[in-house]
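The values are calculated or read from the model by the stated rules, or taken from the named source; none is laboratory data. Remember, it's a predicted structure, so these values are computed and weren't measured experimentally. Cβ placement follows ideal geometry from the backbone for every residue including glycine, while neighbour counts extend to all protein chains displayed. The accessibility values were calculated without ligands, DNA or RNA, using every heavy atom of the protein model including side chains. Shrake-Rupley method; radii C 1.70, N 1.55, O 1.52, S 1.80 Å.
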Amino acid sequence: METKSVMIVGVGGQGSLLASRILGNVLLQQGFAVKVSEVHGMSQRGGSVVTYVKYGDAVYSPTVEKGEADVIISFELLEAARWAGYLKKGGKIVTSTQTLDPMPVITGAATYPTGIIENLKGMGIDVTAVDALSLAEQAGSAKASNVVLMGVVSKKMDFDEAIWQEALNQCVPEKFIDMNRKAFALGRAAE
Amino acid sequence: MKKLMLGNEAFARGLYEAGCRFASSYPGTPSTEITETIAKYDEVYAEWAPNEKVAVESALGASFAGARAFAAMKHVGLNVAADPLYTASYTGVNGGLVIAVADDPGMHSSQNEQDSRHHAIASKVPMLEPSDSQECKDFAMLGYELSEEFDTPVLIRTATRVAHSQSAVEQLPRQEKELKPYVKTPQKYVMVPANAKNRHVVVEERTRKLIAYAETAPINKVEDNGSEIGVITCGAAYQYAKDALGNKVNYLKLGMTNPLPCKLFLDFAAKCKTVYIIEELDGILEAHAKALGIACKGKEIFGNIGELNQVIIAEKLLGQTPEVTAYPEQLPIRPPVMCAGCPHRGVFYTLAKHKITVSGDIGCYTLGAAKPLESIDWTICMGSSVSCLHGFNKVLGEQSQNKTVAVIGDSTFMHTGLNSLVNVAYNASNSTVIILDNSITGMTGHQQNPTTGKNLKGDPAAAVDLVALCHAIGIKRVRVADPYKLSEMEQAITEELAVNEPSVIISRRPCALLKYVKHNPPLHVDTEKCKSCKMCLKLGCPAISMKDGKACIDHTQCVGCGICEELCKFGAIGK
């Protein structure tokens, strides 16, 4: 199988590491060769962050470059736009509709762009936009947006739900598992 | 069953399986998780040292005592530890000694882009370079074999994309290693000139033996795909090359990048019409190949700045570029910022307000250089804020001494800032140093340090009393201020700058991201009272923005630190 590339993008602190670990765990359970490339350190402090997940028969480079991604999972709308150029032709975006103003917008040096979803669709991208923040709050914590989005993504990938549940068990600390299961279920039911 | 592991986690697993008993490190992205992971194994004693020099010397002592020992650091950390490294090369080891050094091509979280292979060459120590997680584990184990066989410390170099990428790793049981008895051998361990002269001869002989080993070492692999094109590569660059070029070329993949083999290079090149050298940062493999008379191309194609990737390689060597559709509009950038509730914010706001020249240091608070505070004037390396300020004030005297401060975090202060502060006191510069004590090593992801009262394993430990310490080295004026109280911080800074003697302000408030820190409820803006003056935006808090012409606080980010509440003249911000 040709190597597939997924990018998980968002703002530092939104929980992309957990999302990438859940997805990586699912893919490993499916018997794929998997590489997950994370970002730590400086950029985690509220900056634009990206995690790469690649899988297939053999994976070499852990990174994804422009024009290479099959799917982008975005926790924030502006970040979906920022990384959209990394998609292949025919690529998909699953994004939260949450918006977080970056510092240039806060200081007034720039404005937060409008019409992002329309523009993405205009680029020929298959866009799924979900209010993951509200669903996460409904599940019990705004922090669970990441797992809501994994629920949305799980419907788009051809793997048994049981495998996703097992990945949740392995990646989420026990005291948060019920809340995250709820978040995942709300994501699966969304759209 | 195979498990997905970060390169750093796999590295720790390899150390564990090889019977490592002792680990001492200073955190540094992208190396930190090796030591955090190894601390979870009860069989291994693991600690955070105040700095990398202390870590390597402690590991060397553990090796003398007969244990397999380890130290980890980021690339710039090896500069700090270079002193013991270069002489440990002469003494050699008793128990195996492995030192991990993590480079950061692309500078994701670093102040420079140095290539640590130069340290291996200069210190005449062998260096291994894994390219994925399984190799991190295997090479860590091999590192101990080589260290003991060749009587040398072994450096293992990773890079961000190896250290922070997960791939599948096979886990095996630990092999317990008995302590090797320590035997007093001054001619080997006491590096006075008479002994060191003899040891240098031993080092050169060792290098000859290591080159012979490198010629046939299983980790220096040839992949012959019957091509006329040969690629010589190592580390992460190998993965990028495989991704771009697949089986269209032959590979010489070097798992050991110091010392380099000669015959292996020549034999490989002899079978190829064209040879490319694909390596990140400096052209070290290329210089070796060219010195052997091999016609090859490397840096002239790829340059020596930043990370490589598969697209660059495919474009340069195959002329292929992926089809890219760009987003139709220019988008605002999203640089990293100090978190909502960051205790450093109140300090930098005050420094910016008074237009103070700020000598910066390494940590989260380097973000005080970012917009809108733009408070920091320079940042060099760990500990440098205090010593740079000293020199600056000595030269400019009255022109600068009441308008300048150094800022340094608690962990960075203990790393190398303390020596610099001793110099401020001893050589009496009229300097004011602000220790940003957030009770943790922040940027690298919350590691304990000598001021926090806990050790790496989370157990209670002696805590440095910063106030008493500053007094003890001769600083008379030492005070503690709370950065969540802007007026208190402002008073401390203006008063300490006004006096003509060295002074220290300890800005004390734990990092808002620490799990034990209780957050206040988020604050709200009373839109009736808000006059849209945008004063609160000057704080550069990511939770505050303008919505419909009025200030607005994002309740998912706000931790109720209250500095915007204090700043608002109209009482528009409250609970």
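Check which residues have an amide H placed less than 5 Å from A:Ser96's amide H, if you skip close sequence neighbours. Amide H to amide H, under 5 Å and 5 or more residues apart or across chains, A:Ser96 pairs with A:Ser74, A:Phe75, A:Glu76, A:Val130. Here the extension length gained between B:Leu318 and B:Lys209 equals 35.3 nm, from 0.36 nm per residue of separation less the Cα-Cα distance. Treating r as the C-beta distance of B:Val202 and B:Lys248 and R0 as 60 Å, the FRET efficiency rounds to 0.85.
Taking Cα centre as origin and charging only the Cβ of basic (Lys, Arg, +1) and acidic (Asp, Glu, -1) residues, the dipole magnitude of the stretch B:344-508 rounds to 120 debye. The C-alpha atoms of chain B define a longest principal axis, and helix B:82-91 lies at about 30 degrees to it. Compute the separation of the alpha-carbon centres of the stretch B:1-64 and the stretch B:384-422 and state it in Å as a whole number. So the separation of the two Cα centres works out to 32 Å.
Could you pull out the pairs from B:Lys518/B:Lys575; A:Lys143/B:Lys485; B:Lys273/B:Lys297 whose alpha carbons sit more than 18 Å apart here?
From the list (B:Lys518/B:Lys575; A:Lys143/B:Lys485; B:Lys273/B:Lys297), the Cα-Cα distance tops 18 Å for A:Lys143/B:Lys485.
Computed over protein heavy atoms with a 1.4 Å probe, the accessible surface of the protein assembly as shown works out to 39 Å² per residue.
Residues whose amide H lies under 5 Å from that of B:Val433, counting only those 5 or more places away or on a different chain, are B:Ala406, B:Ser503, B:Val504, B:Ile505; hydrogens are built 1.01 Å from N in the peptide plane. Only protein atoms count toward the accessible area here, which uses a 1.4 Å probe; on chain B, the carbon and sulfur part of that area reaches 54 percent.
On full extension of the chain, what length is gained from B:Ala122 through B:Glu300, given 0.36 nm per residue of separation minus the C-alpha to C-alpha distance?
Numbers: separation 178, 0.36 × 178 = 64.08 nm, distance 2.46 nm.
Answer, rounded to one decimal: 61.6 nm.
Result for chain A in a Gaussian network model with C-alpha springs under 10 Å: among A:Ser134, A:Ser96, A:Ser74, the largest mean-square fluctuation is at A:Ser134.
How much FRET efficiency would the formula 1/(1 + (r/R0)^6) give for B:Asn419 and B:Arg174, where r is the Cβ-Cβ distance and R0 is 41 Å, rounded to 0.05? Write down the numbers at each step before the final one.
Details: r = 39 Å, r/R0 = 0.95.
My answer for the efficiency is 0.60.
Using the Cβ-Cβ distance between A:Glu2 and B:Met535 with R0 = 56 Å, the FRET efficiency computed as 1/(1 + (r/R0)^6) comes to roughly 0.55. For a 24 Å ceiling on Cα separation, which of these pairs sit above it: B:Lys74/B:Lys242; B:Lys242/B:Lys316; B:Lys188/B:Lys209? B:Lys74/B:Lys242, as the Cα separations exceed 24 Å there. The gain in end-to-end length when the B:Leu567 to B:Glu501 segment is fully stretched comes to 20.7 nm, 0.36 nm per residue minus the alpha carbon separation. Considering only beta bridges that DSSP places wholly inside chain B, some 25 percent are antiparallel. Among B:Leu389, B:Val358, B:Pro259, which residue has its Cα furthest toward the positive end of the charge dipole of the stretch B:244-400, with +1 on Lys/Arg Cβ and -1 on Asp/Glu Cβ? Towards the positive end, the residue furthest out is B:Pro259.
The H on the amide N of B:Ile277, modeled in the peptide plane, is under 5 Å from the matching H of B:Ile232, B:Lys297, B:Gly298, each at least 5 residues off or on a different chain. Within 10 Å of the Cβ of each residue in B:239-252, the mean number of Cβ atoms contributed by other protein chains is 2. In this simple spin-label approximation, B:Lys221 and B:Tyr182 carry label points 7 Å from Cα along the Cα→Cβ vector, and these lie 4.0 nm apart.
Of interest is the spacing of the C-alpha centroids, which for the stretch B:314-341 and the stretch B:445-514 amounts to 40 Å.
Count the DSSP beta bridges whose two residues both fall in the stretch B:3-216, then state the antiparallel fraction as a percent rounded to the nearest 5. Present the calculation step by step, with values, prior to reporting the outcome.
Working: 4 of 24 bridges.
DSSP beta bridges in the stretch B:3-216 are roughly 15 percent antiparallel.
Distance between the pseudo-spin-label points of B:Leu266 and B:Thr494 (7 Å out from Cα toward the beta carbon): 7.6 nm. Going Cα to Cα from B:Lys550, which aspartates and glutamates come in below 12 Å? Please leave out same-chain ones fewer than 8 positions away. Once the sequence-local aspartates and glutamates are set aside, what remains near B:Lys550 is B:Asp526, B:Glu528.
Shown here for the stretch B:493-529: trypsin sites (Lys or Arg not before Pro) in loop regions (DSSP other than H, G, I, E, B) with at most 10 other Cβ atoms within 10 Å, namely B:Lys515, B:Lys518. Computed from backbone phi with θ = phi - 60° and the Karplus coefficients 6.51, -1.76 and 1.60, the 3J(HN,Hα) list for the stretch B:406-419 is 10, 10, 8, x, 4, 6, 5, 4, 6, 4, 8, x, 4, 4 Hz; x is used for glycine and proline.
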